[in-house]
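Below: one structure, written as structure tokens.
The values are calculated or read from the model by the stated rules, or taken from the named source; none is laboratory data. Keep in mind it's a predicted model, so treat the numbers as computed, not measured. Neighbour counts are summed over all protein chains in view; Cβ atoms, including those assigned to glycine, are modelled from backbone coordinates with ideal geometry.
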Amino acid sequence: MPEPRADAAKTVSNLRVNGTRLWSSLMVVAGIGPGPKGGSHRLTLSEDDKVARDLLVSWCEDLGCAIRIDSVGNVFARRAGTDGTLPPVLIGSHLDTQPHGGRFDGVLGVLGALEVLRSLNEQDIRTRHPVELVNWTNEEGSRFAPGLVGSGAYAGLYDDDTACASRDADGISFGDALKAIGYRGPTPAKHDAPPHAYFELHIEQGPLLEDQEVDVGVVTQVQGLRWFDVTFTGMEGHAGTIPMNQRRDAMMGAARLMERVYDIAVAHAPGAVATVGALTVQPGSRNVIPGSVNVAIDMRSPSADALAEMEVKLQTGATLIAAELNLGVEVRVPIRVAPVAFDVKLVNTVRRAAGQLGYRHRNIVSGALHDACHMAAIAPAAMIFSPCVKGISHNEAEDMRPEWATAGANVLYHAVLETAGVVAS
Ligand code: HGY
Ligand code: MN
Ligand code: MN
């Protein structure tokens, strides 16, 4: 196998992506499923998600990539390496967004990967390992819980039936929605062989990098997460006629539990956070005592021990509250993700690339979860963060500067060149 020549190494160090092209692609995708306030509303497996997927596939086909759709809709676009027997360097993220999402969360990673493929072609670079782009299905978990389902199925955490069984608020199953947009692929989602490496470019979704005027975040770890669905059941009744001491009001249970959720997080400060992001109230009529209320909870901490303690306190609290109020209670845990430390060698590759490219960079721990968390369980994985304005994300006001996107994509490009191995032409 030919090895790179010295001048090849010198030439490689001068390679850069085309930031203007990257930004233009970001703006085109931002126009698919736009939100009313300038952000994105492109829920997973929606018609808008299909349009974005179809566009991505056509862009990758234009590059001569081999396209593969797996059984949970993950989209892969592989650029051949000189040695087809070698596993790919996998790069990507997700195109689905929150209901009031931003234009860059996930999309930067998918289109940053596309820009790497475009630059490799344009600059006629041959790599030993194939380089493969991936768009993961349902990272956000907003329409179908849990999130990270595409990468989870690929990592072997969920079988296809489990992944396809979840239902949205309208009772539509993940599997039916997948078929409806034509993305239920033939190949099983579970990987048959792990990739050589996985890199994910993503916005920080926090304020640190911008506040410290840093161009690139070298992500060393991701904090752990647990989601809970706590459903209290009581008895529906007339809001005007039932005395307070005779009610079995499911909303009272939810109210007391919410207070306790925030208290648990504060008790595990400074690292822990907890959010009650949604309540599902049945029957949901102002003058009917709620018979059933589901409390959707998100708890996170960099400490696995703290997460375990928080879960015990939540479960105990829910049981106590239900007993006090004569309610039924069920606690489900759709997802648990342990804190993740990324591959030291790959993290060093990212840091070295940022330094050689002249970018201000620093280590950072991710507060948000990413598909890279599941990938880290089966292959060496690392992430690259770009700043975003005021750290705003999961909000239509999410924004970033073009030069930040370019910097992140350049670091991704050089991490790929180093890891995939450049073969002199
Ligand atoms: O919730 C998360 O951390 C991810 O941004 N979906
Ligand atoms: Mn994301
Ligand atoms: Mn997100």
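Looking only at residues in segment 141-166 that are of a type in the set (Phe, Trp, Tyr) and in a loop (DSSP other than H, G, I, E, B), which one is surrounded by the most Cβ atoms within 10 Å (Cβ to Cβ)?
Looking at the filtered set, the residue picked out is Phe144.
Return only the number of the condition from (1) part of a strand (DSSP E or B); (2) out of contact with any Lys or Arg (no Cβ under 9 Å at 6 or more places or on another chain); (3) more than 16 Å from ligand 1 (Cβ to nearest atom) that Leu201 does not satisfy.
Result: Leu201 passes all but (3).
Out of segment 112-153, which residues are charged (D, E, K, R) and within 13 Å of ligand 3 (Cβ to nearest atom)? Outline the logic, then answer.
As a first pass, look at segment 112-153 and keep what is charged (D, E, K, R): 115, 118, 122, 124, 126, 128, 132, 139-140, 143.
Once the filter is applied, which keeps residues that are charged (D, E, K, R) and within 13 Å of ligand 3 (Cβ to nearest atom), segment 112-153 yields Glu139, Glu140, Arg143.
Taking the residues in segment 131-157 that are of a type outside the set (A, V, I, L, M) and away from ligand 1 (no atom under 16 Å from the Cβ) as candidates, determine which candidate is nearest to the chain's Cα centre (by Cα).
Tyr154
Ala338 passes all but one of (1) over 28 Å from His100 (Cβ atoms); (2) free of Cβ contacts under 8 Å to residues at least 40 places away in the same chain; (3) among the aliphatic types (A, V, I, L, M); which number fails?
Unmet condition: (2).
For the subset of segment 273-300 comprising residues that are of a type in the set (S, T, N, Q) and out of contact with any strand residue (DSSP E or B) (no Cβ under 6 Å at 6 or more places or on another chain), which member is surrounded by the most Cβ atoms within 10 Å (Cβ to Cβ)?
Ser285
Check whether at least one residue in segment 238-252 is in a loop (DSSP other than H, G, I, E, B), buried (at least 19 other Cβ atoms within 10 Å of the Cβ) and assigned by TED's automatic domain parsing to the domain that holds Gln98, and report yes or no.
Within segment 238-252 (the criterion being in a loop (DSSP other than H, G, I, E, B), buried (at least 19 other Cβ atoms within 10 Å of the Cβ) and assigned by TED's automatic domain parsing to the domain that holds Gln98), the answer is no, since none of the residues qualifies.
Quick one: which residue in Val214, Val230, Val261, Val218 is assigned by TED's automatic domain parsing to the domain that holds Ala52, more than 21 Å from the chain's Cα centre (by Cα) and either surrounded by 14 or more Cβ atoms within 10 Å (Cβ to Cβ) or polar (S, T, N, Q) (or both)? Spell out how you get there, then give the answer.
Values: Val230 fails: assigned by TED's automatic domain parsing to the domain that holds Ala52; Val261 fails: assigned by TED's automatic domain parsing to the domain that holds Ala52; Val218 fails: more than 21 Å from the chain's Cα centre (by Cα).
So the residue among Val214, Val230, Val261, Val218 that is assigned by TED's automatic domain parsing to the domain that holds Ala52, more than 21 Å from the chain's Cα centre (by Cα) and either surrounded by 14 or more Cβ atoms within 10 Å (Cβ to Cβ) or polar (S, T, N, Q) (or both) is Val214.
Can you find, within segment 353-387, the residue that is surrounded by the most Cβ atoms within 10 Å (Cβ to Cβ) among those that are within 12 Å of ligand 1 (Cβ to nearest atom) and in a loop (DSSP other than H, G, I, E, B)?
His370
Within segment 192-199, is even one residue surrounded by fewer than 16 Cβ atoms within 10 Å (Cβ to Cβ) and without any contact (Cβ under 8 Å) to a residue 24 or more places away in the chain?
yes
Are any of the residues in segment 323-339 under 17 Å from Tyr198 (Cβ atoms) and either buried (at least 16 other Cβ atoms within 10 Å of the Cβ) or touching a strand residue (DSSP E or B) at 6+ places or on another chain (Cβ under 6 Å) (or both)?
yes
Within segment 24-140, considering only strands (runs of 3 or more DSSP E) that don't extend past its boundaries, which have at least 2 residues that are of a type outside the set (Phe, Trp, Tyr) and surrounded by fewer than 17 Cβ atoms within 10 Å (Cβ to Cβ)?
Those strands (runs of 3 or more DSSP E) span 66-69.
In segment 183-198, how many are farther than 30 Å from His394 by Cα and part of a strand (DSSP E or B)?
1
For segment 292-299, does any single residue satisfy the condition of being aliphatic (A, V, I, L, M), within 16 Å of ligand 2 (Cβ to nearest atom) and within 29 Å of Ala267 (Cα to Cα)? So that I can check it myself, show each step before the final result.
Just the residues of segment 292-299 that are aliphatic (A, V, I, L, M), to begin with: 293, 295-297, 299.
Next cut, within 16 Å of ligand 2 (Cβ to nearest atom) only: none.
No; the residues of segment 292-299 include none that is aliphatic (A, V, I, L, M), within 16 Å of ligand 2 (Cβ to nearest atom) and within 29 Å of Ala267 (Cα to Cα).
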